[in-house]
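The structure appears right after this line, and notes come after that.
Rule-based calculations on the coordinates, nothing more; no lab input. Quick caveat, the model's predicted, so the values are computed rather than measured.
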Amino acid sequence: MTRSSEDTRPASVGRRWGFIGAGKMATALVQGMLRSGAAERPEIAASDPLEAARTSLGVETGVAVFPENPPVVEVSDILVLAVKPQSMRKVLAELRPLVGPEHLVISIAAGVPISTLVAGLGPDRRVVRVMPNTPALLGEGASAYALGPGVAAADQDLVERFLTSVGRVVRVPEALLDAVTGLSGSGPAFVYLMIEALSDGGVRVGLPRDIATTLAAQTVLGAARMVLETGLHPGVLKDQVTSPGGTTIAGVHALEARGVRGALIDAVEAATARSAELSAAATPAEPPAARPRP
């Protein structure tokens with residue numbers, strides 16, 4: 001199925017989505033799309049060489065899953081590259097003769113720059129690089145994207161609708177995607193760690209584990225919604241629940257004394273640095289300059 005890159009129909013109308021890779025992030029996005037109604041099951045196909053991944057995605061979503069990539073490319077208008085960064089070069093080489101200018105290619109592979117994607121697929125390919133996160137499964141994802149050369153306004157609208165269907169989305173220069181990876185890409189793990197620690201604290205002071213975990217998770221959820229829905233600075237919201245000489249300021253003092261704020265900043269910085277390392281490893285090396293003839 002091919003369509004002109006000038007096609008301006010509304011996003012998600014008659015579009016066929018192909019996921020190259022059927023791992024956890026692909027599963028989260030497919031489930032989020034189905035949950036939000038952004039696409040129907042017959043409009044989505046996926047491929048993965050691992051039988052376990054194919055089985056898991058098929059069971060959890062009901063979409064068609066194939067062991068090879070060509071059948072997915074042939075029936076898709078939008079291709080979502082959801083493969084591990086270290087596998088990307090091999091995948092791009094396989095896809096190059098199959099992907100045409102009529103395809104919109106969305107990569108969610110961490111650390112793989114647009115230049116590598118374009119070099120692998122061809123100079124006239126429409127490429128968008130996206131950094132999503134796993135809460136997309138519940139429609140609460142935090143995603144950022146950067147556009148490659150030649151991507152039309154209609155493509156940008158489609159990408160925004162796709163990502164908005166599974167959460168919140170922002171556009172950033174590609175140079176900031178490593179920072180996005182360090183913050184929102186890796187951030188859910190940091191938050192899970194905090195929820196686990198808060199739950200441990202509840203158990204420490206006498207709460208049953210199930211109650212402590214429920215209270216901890218709901219507290220994080222509620223606090224996040226307060227930030228997003230009120231538009232107030234987190235520091236202002238913190239001050240609103242911090243009474244002079246009260247319980248909260250005692251807890252805040254304990255956190256500051258143990259460097260929790262600095263530890264979280266360091267965690268984002270470390271994850272960002274690792275993403276930059278992956279980007280450097282995935283960027284094709286410049287050919288050596290020719291020596292001048294004597």
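A few remarks follow.
- Normalised by the number of residues in segment 17-177, the mean separation of alpha-carbon contacts (under 8 Å, six or more apart) gives a relative contact order of 22 percent.
- Candidate values (1) 79, 72, 37; (2) 55, 55, 32; (3) 72, 61, 36 were compared with Cα extents along the principal axes in Å computed on the shown model; the agreeing label is (3).
- Of all aspartates and glutamates in the structure, those lying under 20 Å Cα to Cα from LYS84, and not within fewer than 8 positions of it along the same chain, are ASP48, GLU51, GLU68, GLU94, GLU174, ASP178, GLU277.
- Degrees between helix 260-282 axis and first principal axis of the chain (Cα, 0 to 90, nearest 10): 10 degrees
- Over 20 Å [Cα-Cα, segment 177-259], rounded percent: 47 percent
- C-alpha long axis of helix 24-36 to longest principal axis of the chain, angle in °: 90 degrees
- Taken as Cα centroids, segment 207-235 and segment 35-106 sit 36 Å apart, rounded to the nearest whole angstrom.
- Helix 51-61 and the long axis of the chain differ in direction by around 70°, with both axes built from C-alpha atoms.
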